[in-house]
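Q: Dropping a structure here in C-alpha cells format, bear with me for questions.
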Amino acid sequence: MKVKTLFILVLAISLVLPLAAGSKSKKEIPDYSTTLRKDIPVEYTWKIEDLYTDIDAWKTDKDSLSRMLDRIDEMAADWTSSPKKMLALLDLRSEIAKKGARLRSYASGQSDMDLGDPTYRQMSGQIRNILVQVRSKFSFMNDDVLKLGKEAFDRYVKAEPGLTPYVFRIDDIFRTGKHVLPTDQQKIASLTGLFARTPGNAAGILNDVDLPAPEVTLSDGKKIVLNYANYSKFRAAKNRADRELVMTTFWANHKKFENTFAVLFDGGMKEHLFNARIRNYTDCLEARLSRDNMDPAVYFSLIKYVRANLEPLHRYLNLKKEMLGLDMFKYADMYASSVDSVEKEYTYDEAKAVVLASMKPLGKEYSDMLAHAFESRWIDVYPNKGKQSGAYSGGVYGAHPFIKMNYDGTYDNVSTLTHELGHAMHSYLADKTQHFANSDYATFLAEIASTFNENLLIQYLLKHEKDDLLKLFILDGFIQQVKGTIYRQTHFAEFELAMHREVEAGGTLTPKWLNEKYLELARYYYGHDKGVVDVDEYIQNEWASIPHFFMNYYVFSYSTGMIASMALSDMVLNGKDVERERYLDFLRAGGSRYPLDTLKLAGVDMTTPVPYEAAFKRIDELVTEMEKIVKRIKKQ
C-alpha cells in the first residue's frame, strides 16, 4: 500500500494540535497581492515613519547631508597631522554614513513596497548620487592612512582614546595596502557608483514589475495571475498537474526574456571583474573574500563537503517520492509537501506565538526584543500589488531593523519570518553594543543568526508534537529548508563561481551558456542521472530569477551560515547559560572582528571539517527519523 493512501486514511482522525505545532486555522490568510499599497491595513505595514515622518522630512535631512559634504574638503588637507584632527574626520565620516544609510533605507524600503511608483525610485537615485559623491570625496583616506604608517597611527591611538573604535578598520587598511588605489585612481573608481548595480537593479525591475505575468487555470477552475508570489505559493500545490502547469508556464514565460537577462548577468559579473582587476586581485573570488580576510579555500571547502554529502538529500527526495505515491519524482514535485493530507496554515498571530515560544532558550532579553519587534511594527507582513517579492531584514543604526515579508500562511513562511527576525536581532544587538564603525557585520556572518533561529524553531516544534503525521510534516518542512539553504545555495555558489570564471577567461555569458551550465549543475545536485529527480529542461533558466547573483559571492554565506548555525544551536540547546551568552556575544560583536575570528569566539571553526561533519550528521539523523516514522505508519 502506498504511504500516500495511509495519509488519506488518517484524515478521518480528529487531531487536537498544540499551538506550538501550528494548528490549522479556520481563518483564511488574507490575500492582498492585487491590492494597492495605500489600501493595506496599517497594522500589517512596517512603521517606516520611525525613519522619517514623510517625504518632506526626508528631503530636509537629504539637504543636511549635502551640506555636510562641504566639511570634508575643509578637513581633508591635514587630517592625519594630529590625533585630534584624525578623530574629527573619522567622526564626520561616521555621521555622514549613518545619515546616508538612514536616507537610503527609507527611500529603498518605500520603493520596495510599490516598485511601479517612480517617486521613491527617484529618491533612491538621488541619495545614491550623493553617496557616490561621499565615496569620491573620501577617496584620499586609505592612501593617506598608508602614508601615515602603522607605527604613527598606534601612537595616535595612545594619545587620543577616541580613536579606539576605529582601530580595527584602520588596521584593515594596512592589511590590504597593496590593493589600495592611489587617491586620483580611487576617486575615479568611486564615480563608477553612479551606474554600479544597474544590471542587478534592471533584472529586479524586469522580474518584479515589467515581465508580464501569465494567467493559468488550475484543476479546480480557479484562475490565478502567475506573479512571483503566486508562483511561490502554487508550485507547492497538492495537485501534481497544477504544480507542473505553474512551473512550466512560469519558466516558459521567463525564457522569452532570456536574452535580456543574459546581457544583465554578463554586465553584473563584469562589474565585479572590473572592481577586482583595478585593485590587482587575482580574481573576483579573492577580491570579495579579501574584504573579510578570508582564504578562498573556505569557499571551495563548502562545495567539496556538500558534493561529498549529497546522499542524505537524495535519500530524502526518494522518501518524498514514496510518500507522495509517485512512480517518478520530477522537479515540479520539489516544493510539494510530502505529507499532502495535512492542510496546515498559520495565521500571522499563530506564527508570532510559535516564533516567540521557540526562541525562549535565548533568554528574556532576546524574547523581549522579539516581542517589541512585533508590537512596534518592524515587519511589513503581506504581499501587495507592486511589492517586491521575497523577504529581507535591513538594520538601520540608531533606529531599528525593518523586515519585509510576503506572508502566505505556509510553514515555509513561518520559517522565513523566524529567519528574518534572526537577522533583525543580530543587527539590533550589534547596533546597541558597537560603535557605528564596528556595527556592520560581514556577509559571511549574516546568515548564521537567521538559520540559527530556524534550527530552534524545528527543535521546538518536534519537541512539542507527539503525532507521527504532524512530526513528518514538520520534519519535511525543515529538511526542505535544509535543501534550500545548504544544498540549493551551494548549487548556486558553484554556478556563480562558474559565471565569474567564464568572464574572467574573457568569455561572454550567453543564454546558451547560462542555461546549459545551470541545468548541468541542477541535474548533478538533485541526482538526475541517478534517477533521483527528473530535472526537466524548462528549469534551465531559473538563474534569471536569482537576484543574489548580483551581490558578488553572497549565496555561499547561506550554506556556510546554516552549517555553522547547526553547530551553534546544538551548543545552546544542549549547554547552559555560558553557551547561550557566548552566542549572544557573537551577535553583539557585529563587525568588530574578522568573521572567522568572531565565529571562533562562539565556538565554531569553519576552517576545519568539524562543523561540516556535524551538520551533515544532523541532516542524516533527521532523514533517518523521517524514514522511521514512515515505517511506523506503514505497520499501522
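Q: Can you sort HIS491, HIS372, HIS528 by how many other beta carbons sit within 10 Å, fewest first?
A: Ranked by crowding around the Cβ, least crowded first: HIS372, HIS528, HIS491.
Q: Which lysines, on any chain, are close to LYS576 with Cα under 17 Å apart, when same-chain ones fewer than 8 places away are left out?
A: LYS360, LYS364
Q: If I model a spin label as a point 7 Å beyond the Cα along the Cα-Cβ vector, how far apart are those points for GLU537 and THR217 in nm?
A: Result: 2.8 nm between the two label points.
Q: Treating cross-link reach as a plain straight distance, find the lysines whose alpha-carbon is under 16 Å from the alpha-carbon of LYS517, omitting any fewer than eight places away in the same chain.
A: Hits, sequence-local ones excluded: LYS255.
Q: Run the simple label-point estimate for ASP585 and SER367 please: 7 Å along Cα→C-beta, distance reported in nm.
A: Result: 2.4 nm between the two label points.
Q: What's the extension gain from THR164 to ALA505 if we count 0.36 nm per residue and subtract their Cα-Cα distance?
A: 118.4 nm
Q: With a Förster radius of 56 Å, plug the Cβ-Cβ distance of ALA252 and THR60 into 1/(1 + (r/R0)^6) and report the FRET value to the nearest 0.05.
A: Working: r = 49 Å, r/R0 = 0.87.
With R0 = 56 Å, the Cβ-Cβ based efficiency is 0.70.
Q: Could you work out the Kirkwood radius for the chain, taking every pair of different alpha carbons, averaging 1/r and inverting it, reported in Å?
A: One decimal place: 26.0 Å for the Kirkwood radius.
Q: Going by a ≥ b ≥ c, the root eigenvalues of the Cα gyration tensor, does the stretch 52-196 fall in the rounded group (a/c under 1.5), the prolate group (a/b larger than b/c) or the oblate group?
A: Since a/c reaches 1.5 and a/b is larger than b/c, the shape of the stretch 52-196 is classed as prolate.
Q: Taking the Cα of LYS385, stepping 7 Å toward and past its beta carbon, and measuring to each backbone N in the stretch 225-240: which are under 17 Å?
A: Flagged as within label range: 225-230.
Q: Cα to Cα, under 25 Å, and not fewer than 8 places away if on the same chain: which lysines meet these conditions relative to LYS98?
A: LYS47, LYS59, LYS62, LYS84, LYS85, LYS137, LYS187, LYS404, LYS432
Q: In whole Hz, what ³J(HN,Hα) sequence does the stretch 115-125 give by Karplus (6.51, -1.76, 1.60; θ = phi - 60°), x for Gly and Pro?
A: 5, x, 8, x, 4, 6, 5, 5, 5, 4, x
Q: Ok, one more. Could you compute the FRET efficiency for ASP283 and LYS512, with r as their C-beta to C-beta distance and R0 at 25 Å, rounded to 0.05?
A: 0.60
Q: Under a plain spin-label model, where a point goes 7 Å from the Cα along Cα-to-Cβ, how far apart in nm are VAL610 and THR260?
A: Simple spin-label model gives 5.1 nm for this pair.
Q: For LEU69 and SER376, calculate 0.36 nm times their separation in residues minus their Cα-Cα distance, and state this gained length in nm to one decimal. Could the numbers behind the result be given before it?
A: Working: separation 307, 0.36 × 307 = 110.52 nm, distance 3.37 nm.
Computed gain between LEU69 and SER376 is 107.1 nm.
Q: Let me ask you something else. Is the shape of the stretch 346-469 best called rounded, prolate or oblate, per the rule: a/c under 1.5 gives rounded, else a/b larger than b/c gives prolate, else oblate, with a ≥ b ≥ c the square roots of the Cα gyration tensor eigenvalues?
A: Oblate, since a/c reaches 1.5 and b/c is not below a/b.
Q: Next question. Any chance you could check the Cα centroid distance between the stretch 280-318 and the stretch 569-601 for me, in angstrom?
A: 22 Å
Q: For the stretch 107-146 and the stretch 184-198, what is the separation of their Cα centres, given in Å?
A: What the calculation gives is 12 Å, centre to centre.
Q: What number, in percent, do you get for the relative contact order of the chain if the mean sequence gap of Cα pairs under 8 Å and at least 6 apart is divided by its residue count?
A: Computed value for the chain: 20 percent relative contact order.
Q: Okay, moving on. I need the calculated FRET efficiency for the pair LYS38 and GLN122, taking r as the beta carbon distance and R₀ as 22 Å, to the nearest 0.05.
A: 0.75
Q: Next up: Within the stretch 587-636, how many Lys pairs sit with Cα atoms under 27 Å apart, leaving out pairs fewer than 8 places apart on the same chain?
A: 4
Q: Another one. Taking the Cα centre of the chain as origin and charging only Cβ (+1 Lys, Arg; -1 Asp, Glu), how large is the dipole, in debye to the nearest 20? Spell out each step's value before the answer.
A: Working: 84 positive and 87 negative charges, 82 e Å.
Roughly 400 debye for the chain.
FYI, it's all coordinate maths here, none of it is from the lab. Since the structure is predicted, the reported quantities are computational estimates derived from the model, not experimental observations. Every residue, glycine as well, gets a Cβ built from its backbone with ideal geometry; the counts of neighbours run over all protein chains shown.
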